[in-house]
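J.: Quick one: structure below, then a few questions.
The values are calculated or read from the model by the stated rules, or taken from the named source; none is laboratory data. Note that the coordinates shown come from a computational prediction; the quantities given were computed from them, not determined experimentally. Neighbour counts are summed over all protein chains in view; Cβ atoms, including those assigned to glycine, are modelled from backbone coordinates with ideal geometry.
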Amino acid sequence: MKVNQYTNIYTVLKWFFSILSCLFFYQSINELDWDSHFIPLFKSAFETYPFHFILVFLMVIVNWNFEALKFKILLKSKSISRTRIFFTVLGGMAISNFTPARSGEYIGRSLLLRGVHPIRVTIATVAGNLAQVLMTYSIGILSIFVVYVFFDFYDQWADQTSYILAIILCLFLSLFILLSKRIIKKLSIILPSKISSFFKLVQHYNFSVYGRVVILSFFRYCVFSAQLFILLQLFSNFSLPHNLICLVPVAFLLQSIVPIPAISDIGVRVGVCGLLFGDYISNISLVQSVTCLWAINLILPGVIGAIFLLLSNFMRE
């Protein structure tokens, strides 16, 4: 079926999801206590450490630019500008913020790239997410071994049994990632033809193309990790030991296990960070750091993406 046959469906869906995302963010922002929580939080951080706070904000742009570059490479489309790709990524995130396991990301990107077949958009998004998951699990697993072998503070938040179970789980996930190509081939034999053909399309990226995507995923991971650690240091007046940076990948690994909407996972983030950093930073500083990271990386780009998604209804493609 040709892309122009989807025009009417696209129009209805775009209006529906753009209005829904705007209403969702409007309601979410209204429910937040800005006057007594967020505004004083940002103001105090900026006044105390202006350079570090501005740096964290600038890293948000770098973070999502890396994601946009990944998506552009995987789409293999030179006709789409980097600016459009950037706002398409934010538009997808606007919907993914209130959908389970960020499934709305595929919908948002497809709606904003009407000239590209939705299957291509979905494949590119899946391939990019797989590269990011590879970073989350591989670096997280490596960090667990570094903590276990070279540091002794792990015994303050985990006993030996739980650590062995965590290592077994991580090894299993690593093995699954390494053998994913073979697993997909086996599954394609027993799955329906439409689904198996989709898996075959995912494998069509060559090593050179996907290698660049993995490198960009690594850079994006480093940026996001640096943001969290800078904020933890900033709100604790730089009292956090520097060697605790190796716990940041562990935090991301544990957070990724819980499949809930991105905008709702602040409680999970606080809980995980409290488990890992609770003995070295006050609970107030911990909540402030995670809340700030959540607000500037998810809320702010999500709002921009929702507005762009809404405005796109009036744009010619």
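J.: Looking at (1) farther than 18 Å from ASN313 by Cβ; (2) hydrophobic (A, V, I, L, M, F, W, C); (3) within 15 Å of the chain's Cα centre (by Cα); (4) at pLDDT 85 or above, which is the one condition that is false for LEU74?
T.: Every listed condition holds for LEU74 apart from (3).
J.: Sort through ILE260, ILE299, ILE307, ILE281 and tell me the only one that's assigned to a loop (DSSP other than H, G, I, E, B) and either modelled with pLDDT of 80 or more or farther than 17 Å from ARG102 by Cβ (or both). Show your work before the answer.
T.: Details: ILE260 fails: either modelled with pLDDT of 80 or more or farther than 17 Å from ARG102 by Cβ (or both); ILE299 fails: assigned to a loop (DSSP other than H, G, I, E, B); ILE307 fails: assigned to a loop (DSSP other than H, G, I, E, B).
Testing whether each residue is assigned to a loop (DSSP other than H, G, I, E, B) and either modelled with pLDDT of 80 or more or farther than 17 Å from ARG102 by Cβ (or both) leaves just ILE281.
J.: State the number of residues belonging to region 66-87 that are within 24 Å of ASN206 (Cβ to Cβ), part of a helix (DSSP H, G or I) and either of a type in the set (A, V, I, L, M) or touching a Phe, Trp or Tyr at 6+ places or on another chain (Cβ under 8 Å) (or both). Steps first, please.
T.: Our first condition is that a residue be within 24 Å of ASN206 (Cβ to Cβ); within region 66-87, this holds for 66-80, 82, 85.
This time we only want the ones that are part of a helix (DSSP H, G or I), so: 66-75, 82, 85.
Keeping just the survivors that are either of a type in the set (A, V, I, L, M) or touching a Phe, Trp or Tyr at 6+ places or on another chain (Cβ under 8 Å) (or both) gives 66, 68-69, 73-75, 85.
Final tally of qualifying residues: 7.
Yes/no matrix, rows are residues, columns are (1) crowded, with 21+ Cβ neighbours inside 10 Å; (2) out of contact with any helix residue (DSSP H, G or I) (no Cβ under 7 Å at 6 or more places or on another chain):
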{"residue": "LYS76", "(1), (2)": "no, yes"}
{"residue": "ARG82", "(1), (2)": "no, no"}
{"residue": "GLY91", "(1), (2)": "yes, no"}
{"residue": "HIS117", "(1), (2)": "no, no"}
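J.: Between a first residue in region 56-76 that is within 28 Å of GLN233 (Cβ to Cβ) and a second residue that is surrounded by 20 or more Cβ atoms within 10 Å (Cβ to Cβ) and among the charged types (D, E, K, R), which pairs have beta carbons less than 8 Å apart while being 6 or more apart in sequence or on different chains?
T.: ASN63/ARG220; PHE66/ARG220; GLU67/ARG220
J.: Ok, one more. Say whether the condition of being hydrophobic (A, V, I, L, M, F, W, C), modelled with pLDDT of 60 or more and either surrounded by 12 or more Cβ atoms within 10 Å (Cβ to Cβ) or in a helix (DSSP H, G or I) (or both) is met by at least one residue in region 194-208. I'd like the intermediate steps shown before the answer.
T.: Taking region 194-208 and keeping what is hydrophobic (A, V, I, L, M, F, W, C), we get 195, 198-199, 201-202, 207.
Then keep just the ones that are modelled with pLDDT of 60 or more; that gives 207.
Now restrict to residues that are either surrounded by 12 or more Cβ atoms within 10 Å (Cβ to Cβ) or in a helix (DSSP H, G or I) (or both): 207.
For region 194-208, residues hydrophobic (A, V, I, L, M, F, W, C), modelled with pLDDT of 60 or more and either surrounded by 12 or more Cβ atoms within 10 Å (Cβ to Cβ) or in a helix (DSSP H, G or I) (or both): present.
J.: If we keep just the residues of region 1-48 that are modelled with pLDDT of 70 or more and of a type in the set (D, E, K, R), which is surrounded by the fewest Cβ atoms within 10 Å (Cβ to Cβ)?
T.: Result: GLU47.
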